[in-house]
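Trainee: Take a look at the following structure, please.
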Amino acid sequence: MTDSQDLEVSLLIRKGFRHQIRAPLAWVGLPILGDSLYEGPPAPRLYLESRSFGFKGTEGDVGLSLDMP
């Protein structure tokens, strides 16, 4: 991060829904860098990234878990 006004946030999402993080952060005045839909500061891309991703299987299936480097 290069600007003293930038803030790195770590969040845990239990269930994924469309715009689940983007809308509430913008509502409290913390839009994501590059998020033009929610009036985030301009950037060449949307700076929303995932460190890990996973889901439980259904009816005893194994499911999937991925961790990013």
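Read the figures in this text as sums done on the coordinates, not as results from a lab. In this text the structure is predicted, and so the values were computed from the model without any measurement. When we count neighbours, we look across all protein chains shown, and the Cβ atoms used for this are built from the backbone with ideal geometry, even at glycine.
Trainee: Add -39500 (n - 2.57) for each DSSP H run of 4 or more in the chain, then divide by its residues: what number comes out at 222 nm, to the nearest 500 deg cm²/dmol?
Mentor: Numbers: 1 runs with 6 residues, N = 69.
It comes out at -2000 deg cm²/dmol, rounded to the nearest 500.
Trainee: Only four residue types carry charge here, +1 at the Cβ of Lys and Arg and -1 at the Cβ of Asp and Glu. Report the dipole size of the chain about the Cα centre in Debye, rounded to the nearest 20. Intermediate values should be presented prior to the final figure.
Mentor: Values: 7 positive and 9 negative charges, 50 e Å.
With only Lys, Arg, Asp and Glu charged at Cβ, the dipole is about 240 debye.
Trainee: Quick check for you: which residues of the stretch 10-26 have the amide N under 20 Å from the point 7 Å beyond the Cα of Thr58 toward its beta carbon?
Mentor: The answer is 14-18, whose backbone nitrogens lie closer than 20 Å to the label point.
Trainee: Report ³J(HN,Hα) in whole Hz for each residue of the stretch 40-54, in order, from the Karplus equation J = 6.51 cos²θ - 1.76 cosθ + 1.60 where θ = phi - 60°; Gly and Pro get x.
Mentor: In residue order, the calculated couplings are x, x, x, 7, x, 8, 7, 8, 10, 10, 10, 8, 8, 8, x Hz.
Trainee: Sticking with this one: With no solvent and one equal point scatterer placed on each C-alpha of the chain, evaluate the Debye formula and give log10 I(q)/I(0) for q = 0.15, 0.16, 0.23 Å⁻¹, two decimals.
Mentor: Debye intensities relative to I(0), on a log10 scale: -0.61, -0.67, -1.10.
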